[in-house]
Structures are given as structure tokens and as C-alpha cells.
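Since the structure comes first, as C-alpha cells, the remarks are kept for the end.
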Amino acid sequence: MNPLEEKLKIKQKRDELMKLTKDQEICLIAQAKQGSETATRKLIELHQQRLFAFIWKIVRNTDDAEDICQETFMRAVSSLSDFNEAYRFSTWIFTIGYRLALNSLKHRGNQTGYDFSNVMPVNQVDHVDEVMQSEQAQKLREVIWHEVDQLSPSQKATILMFYRQGLSCQEISEALDMPVATIKSHMHRAREKLRERLRVQKMDETDLDMLGA
């Protein structure tokens, strides 16, 4: 499969997930609980790209992110009977992945510092790090995500879940087991820090929209 075909396949999975209704998701989960390998595989395929992107942004290491993704799905599948269908499956998956990512950081000593040479393979992620059309846009994204990378793990996770994964504050609250007010506080502080950084760089504050790019 060439790079273009790979990108089209990834986009198709993303679009498919966006169109998945709550009832359809519950149906898939019910089938998976009954032992359907097809339904289980479908759930994994629908979420693996977004989960990988989210975890990679926290641990910043491809091998670790892949291992954590695999462990996340293994735990999720083995404990499907405990899943509360009042929540979205994606929220549950992100909760498991986030905790495993934190454990990985603690094990590594939570090394800091962003290495732009350690770039995420574009063919592994659906909507992350797409090729930019200008050097200015690329520089802006680097500045913004460098600052995001300096946030605490919980603040970083909040930003990633909101802007990259499209989760609501309520969903992030459930995933991170934090009050909604704390999530909103994380969002506010992070955006203020990013605005200040953009001012220092003499960049337009409206470019914060790039967080969702």
C-alpha cells in the first residue's frame, strides 16, 4: 500500500468513527461482550489511530506508544464486562490509555524536553501532524506544541483530548477522573500560557486555532 492509499484508509476510519452513533457503538460492544471477534476487531480499528496519537503526544516515543496502545486494548477487551454503557467507549479507552501513559512516564522518570527530530510517522496517525503547506505554519505548530509539551501530564492530556480528540469537558472529566471545574481551569491556564508564548514570538494569538489542526 502506497502512502496515499494509507492516508485514505486512515481518513476512512476516522470518518467512520465520526458517523458511529451511540446505539451502533452499544450494539458493537454487546456483540464483543458475547465473544464476537469481528465486533472486537471493529472497535479496535475504529479507535486505534486516535488513541495512538493521544498517547504518543504524552510519552513522545513511538515504541512506548505502540506498547501502551496494545496494553490498553488488551485490558479493555479483557474487562468489557465492566464497561458502563452510559459512557462512550472512546472515553473509557482514553481513561485506560492515559493512566498507562502516566505509569510509563513515572517509570522513565518523566523526562522533559521536546525533540523535534523524533517525529511521529505520518502514516500511523489519522489527523495528527499532517504535512503543512508553508514553513511559517510549520514553525507556528512547533512553537505551540512545544509549549503544550511543557505542561503537566494532566494539563497536556486535557488539551489533547479537547483539541485533538474532540471530547467535551464533561467527557474529559470522566476520562481523567477530575471535576469539570478543574478541566476548565487546565484549559484556561494552558491557553494563557500559549498566548503569552505567541506574544513573545510576535505571532497572532488567533493562531491558537492551530491546536485543532
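For the stretch 33-65, give me each residue that is surrounded by fewer than 16 Cβ atoms within 10 Å (Cβ to Cβ) and either acidic (Asp, Glu) or more than 24 Å from residue 166 (Cβ to Cβ) (or both).
Within the stretch 33-65, 33, 34, 35, 36, 37, 38, 45, 63 qualify.
Going through 110, 123 one at a time, which residue ends up being modelled with pLDDT under 80 and on the phi > 0 side of the Ramachandran plot?
Result: 110 is the single residue among 110, 123 that is modelled with pLDDT under 80 and on the phi > 0 side of the Ramachandran plot.
May I ask you to say which residue of 58, 44, 93, 29 is touching a Pro at 6+ places or on another chain (Cβ under 7 Å) and either on the phi > 0 side of the Ramachandran plot or modelled with pLDDT of 85 or more (or both)?
58
Only one of 130, 135, 142, 147 is among the acidic types (Asp, Glu) and modelled with pLDDT of 75 or more; which?
It is 147.
The values are calculated or read from the model by the stated rules, or taken from the named source; none is laboratory data. Keep in mind that this is a model prediction, so the values were computed, not measured. Here the Cβ is made from the backbone with ideal geometry for all residues, glycine too, and neighbour counts use every protein chain on show.
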